[in-house]
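Comments concern the structure below.
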Amino acid sequence: MPKLEQPVPVEVVGAGYYLPERVLTNADLERMVDTSDEWIVERTGIHERRIADDSMSTSDMAVLASQKALAHAGLAAEDVDMIIVATVTPDMLFPSTACLVQRGIEARNAFAFDISAACTGFIYALATAYTYLASGYIGNALVIGAEKLSAITDYKDRNTCVLFGDGAGAVVLKRTGRKGHGICDFILESDGRNAHWLQVPAGGSRMPASTKSIGERLHYISMEGREVFKFAVTAMKRTTVRIAERNSLKAEDITWLIPHQANKRIIDAAAEALGLDQRRIHYNIHKYGNMSAASTAVGLAEVMLHNNLQDGDILLLVAFGAGMTWGSLLIRW
Ligand code: UT7
């Protein structure tokens, strides 16, 4: 896909996030499966993750993050034009989680839909919202990445259960008049040939829920970890370098790299390909693990709320995920 030649000024004007209070530590996992704190920290960089209570769904977390983002943006819920939720853990197959968020925040004048692009979902959702805004069809959008991955994680499988956590991040996008600011480029890519590397095999139309599917634990995440790892390193490096190069940005021009938080080794490989100083990388993997679409959403919200951004700062979001999907998105503050 070509570079956005004359980006319409679409800016991120508000952010919020929500993380459940309950903490699942590596020590807790040592009591559940054959693993160790040392193995998890060394291979992934994760120390703990947050887990939502049984009573809390993905849309509940998304509502809490959205209310904060709207307050931060100074936007009333009834003035929201569009809601997009990126998630692989919708409350149910339908209606969309975005419609449940619409009900939860009482955004009665919005239209709402979900995006399924796994861990790249938040970047896909931002790019989608950008195109609606740039076309002039809407004036603002609420874009959310929210996941309750604990609901689809098999806590008997040490290959996956140490990785995932729950949470939600939300931002408000608005068309503004500030030329040269806001979303200035994005790259979206996917390749379905290796869709089987990372999936939840049952519960859809191919394999509806049955006693057999439940007995065989097919409603949980199944992952070919080594294949995903190799793919992720290549894809993350490539998209990071490509978006920087085609926007004539050097490593030192990037204020914050906000990467998907699947594995610290994958993040560091992408940053290294660009020659980026580690202090410019926003990590939250040690605290929250991999929250799929919520990782970059919470990451962007954290950077906006806590990192004292200055005019002209450059934020680079990069992610990869099931599909396989991958992509990057550039924001000039
Ligand atoms: O958002 C996208 C979602 N997923 C990912 O991004 C995951 C990408 N993959 C990865 O991050 C890594 O492949 C993992 C962290 C999942 C695994 O790390 P690895 O360095 O690739 O380990 P491995 O799969 O090559 O396994 C090495 C060993 C194996 O034992 P053997 O066969 O060498 O005896 C595993 O059985 O580590 C074993 N192992 C564990 N040991 C202790 C696997 N999981 C664990 C564990 N604790 N939790």
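The values are calculated or read from the model by the stated rules, or taken from the named source; none is laboratory data. Everything numeric in this text was worked out from a predicted model, so none of it was measured. Cβ placement follows ideal geometry from the backbone for every residue including glycine, while neighbour counts extend to all protein chains displayed. Side chains are part of the model used for accessible areas, which takes the heavy atoms of the whole protein and leaves out ligands, DNA and RNA. Shrake-Rupley method; radii C 1.70, N 1.55, O 1.52, S 1.80 Å.
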- [ ] Just give me the residues in region 175-193 being of a type in the set (D, E, K, R) and surrounded by 17 or more Cβ atoms within 10 Å (Cβ to Cβ), in sequence order.
- [x] ARG175, ASP185, GLU189
Open item on the list: Quick check on region 35-47. Is at least one of its residues buried (at least 23 other Cβ atoms within 10 Å of the Cβ) and under 22 Å from GLU147 (Cβ atoms)?
Closed with: yes
Open item on the list: Against the condition under 20 Å from the mean Cα position of the chain (by Cα) and within 30 Å of HIS47 (Cα to Cα), how does ALA168 come out, does it pass?
Closed with: yes
Task: Enumeration of residues in region 123-178 that are over 22 Å from VAL318 (Cβ atoms), among the β-branched types (Val, Ile, Thr) and within 16 Å of the ligand (Cβ to nearest atom) - done: ILE152, THR153, THR160, VAL162
Open item on the list: Could you check region 108-126 and list, in sequence order, the residues that are touching a strand residue (DSSP E or B) at 6+ places or on another chain (Cβ under 6 Å) and not in a strand (DSSP E or B)?
Closed with: ALA110, ALA117, ALA118, CYS119, THR120, GLY121, PHE122, ILE123, TYR124, ALA125, LEU126
TODO: Can you tell me which residue within region 284-316, out of those that are at positive phi and within 18 Å of the chain's Cα centre (by Cα), is nearest to the ligand (Cβ to nearest atom)?
DONE: SER292
- [ ] Those residues that are open to solvent by 50 Å² or more (accessible area, probe 1.4 Å) and of a type in the set (Asp, Glu), I need them from region 251-307; list them, please.
- [x] GLU252, ASP253, GLU272, ASP277
Open item on the list: Among the residues in region 86-107, are any buried (at least 24 other Cβ atoms within 10 Å of the Cβ), in a strand (DSSP E or B) and of a type in the set (A, V, I, L, M, F, W, C)?
Closed with: yes
Open item on the list: Only one of LEU249, LEU257 is in contact (Cβ under 8 Å) with a residue 24 or more places away in the chain and assigned to a strand (DSSP E or B). Can you tell me which?
Closed with: LEU257
Open item on the list: Checking the conditions here, which among VAL23, VAL10 is free of Cβ contacts under 8 Å to residues at least 60 places away in the same chain and of a type in the set (A, V, I, L, M)?
Closed with: VAL23
